[in-house]
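The values are calculated or read from the model by the stated rules, or taken from the named source; none is laboratory data. The model shown is predicted, which means the values in this text are computed figures rather than measured ones. All Cβ positions, glycine included, derive from the backbone under ideal geometry; neighbour counts span all protein chains shown. These area figures cover heavy atoms from the full protein model, side chains too; ligands, DNA and RNA do not enter into them. Shrake-Rupley method; radii C 1.70, N 1.55, O 1.52, S 1.80 Å.
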Amino acid sequence: WSPDSTRLVYQETDVSGVEQHYIANPLAPSEPPELYYYPRAGTPNARVRLGIISITGGPTTWIDWDREKYPYLARVVWEKSAPLTILVQTRDQREEKLLTVDATTGASTELLTETDPAWVNLDPDDRMPRWLPDGQRFLWTTERRGGWQLELRGRDGRLIRELTPVGCECTTVFDVDEGQGVAMTGGGPDPRESHLYRVSLDGGTPVRVSDGAGYHAATFARDHAAYVHRFELNDGRQGTQVRSRGGQLLAEIPSIAEKPPVTPSVVPVT
């Protein structure tokens, strides 16, 4: 959907040139094999294109990019005040290109390109790039220097500054408060843990705001004034809390699993 809900971006996928294979389920030999479209290496892949259409109908505006070189469509992001943005990849996934799209003409403009001689990992966050509310800047994650980093970039794709150093691995963005100039991220250098970090959009060292070895996550209020903090610690403790923007504990949310609201009455069926 477009931010004003007047248009849709839709994907058309053509698999007519893709090989078909019948694959059996070894756990269910009595079932017939299922038909799959399977693009083996060296054989044609599905052909994908994107179109923009009004919710009232009418002609489609097709988005233009080099689909021969970048056949993989990895992400589509269209946020308020920001341009329609797509991320495309080469088939060997050693190069990806971030593009903005003119929603009127379908023309695309390059923001940045990421390459790696072995493999370019996609950030699992489907909102990345994360545009700031002003629509003039966006957050971007990269492994360009050997480890995940969070960057702040301008509307034209230029690098404004690195927000996290190599080794911090603080790339899961839970919230961006442009008014306060901070982002709340998750991650950390220890792969056995994931902590909450406050990252300044002006640069500086990220500040860890969660305690206890384990996994921490947050869901923020729309006004950024408070957040729900969920944690599962390595020692078995877990819980859900409400905290203020500054981290002050406001409330503990009891687990329903600990105290069921009702006791079921089970009646045998004969």
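Per-residue Karplus couplings for the stretch 100-108, computed as 6.51 cos²θ - 1.76 cosθ + 1.60 with θ equal to phi - 60°, are listed in order as 9, 10, 6, 5, 8, 9, x, 5, 10 Hz, Gly and Pro entered as x.
Within the listed set V228, V101, V18, the Gaussian network model of the chain (springs between alpha-carbon atoms below 10 Å) gives the highest mean-square fluctuation for V18.
Here the Gaussian network model covers the chain, with springs between Cα atoms less than 10 Å apart; of P39, P26, P71, P26 fluctuates the most. Here the Karplus curve 6.51 cos²θ - 1.76 cosθ + 1.60, taken at θ = phi - 60°, turns the phi angles of the stretch 184-195 into couplings of 9, 10, x, x, x, x, 8, x, 7, 9, 9, 10 Hz, with x standing for Gly and Pro. Working from the Cα coordinates of the stretch 11-56, the gyration tensor eigenvalues give, after taking √(5λ), semi-axes of 31, 16, 7 Å in decreasing order.
Taking amide hydrogens as placed 1.01 Å from N in the peptide plane, the amide H of Y215 sits under 5 Å from those of S194, E232, L233, N234, each at least 5 positions away in sequence or on another chain. Taking every alpha-carbon pair under 8 Å whose residues sit at least 6 apart, the stretch 1-91 reaches a relative contact order of 27 percent. Given 0.36 nm per residue, what is the gain on full extension from Y38 to D66 after removing their alpha carbon distance, in nm? Separation in residues times 0.36 nm, less the Cα-Cα distance, equals 7.8 nm. In this structure, I53 and E162 have a Cβ-Cβ separation that, at R0 = 30 Å, corresponds to a calculated FRET efficiency of about 0.20. With the simple spin-label model, which puts each label point 7 Å out from Cα in the Cβ direction, the W1 to T219 separation comes to 1.8 nm.
Viscosity 1.567 mPa s, temperature 4 °C: Stokes-Einstein D of the stretch 118-270 from its Kirkwood Cα radius, in µm² per second? The diffusion coefficient I find is 75 µm²/s. Heavy-atom surface analysis with a 1.4 Å probe gives the chain a carbon and sulfur content of 51 percent of its accessible area.
Within the shell of other residues whose beta carbon sits under 9 angstrom from the beta carbon of L139, the net charge comes to +2, with Lys and Arg scored +1 and Asp and Glu -1.
The percentage of C-alpha pairs in the stretch 93-188 whose separation is greater than 18 Å is 47%.
In whole percent, what relative contact order does the stretch 103-177 give with Cα contacts below 8 Å and a gap of six or more residues? For the stretch 103-177, the relative contact order is 22 percent. What does the charge add up to near E12, with Lys and Arg as +1, Asp and Glu as -1, over the other residues with Cβ less than 13 Å from its Cβ? My count for the surroundings of E12 gives +2.
Springs join every pair of Cα atoms under 10 Å in this Gaussian network model of the chain, and among G214, G187, G42 the largest mean-square fluctuation is at G42. Would you work out the Kirkwood radius for the stretch 180-270? I mean one over the mean of 1/r across all pairs of different Cα atoms, in Å. When all Cα pairs of the stretch 180-270 are included, the Kirkwood radius is 15.2 Å. Rolling a 1.4 Å probe over the heavy atoms of the protein chains gives the chain an accessible area of 59 Å² per residue.
Work through the residues other than V228 whose Cβ is under 12 Å from its Cβ and net out their charges, Lys, Arg +1 and Asp, Glu -1. That sum, taken over residues with Cβ under 12 Å, equals 0.
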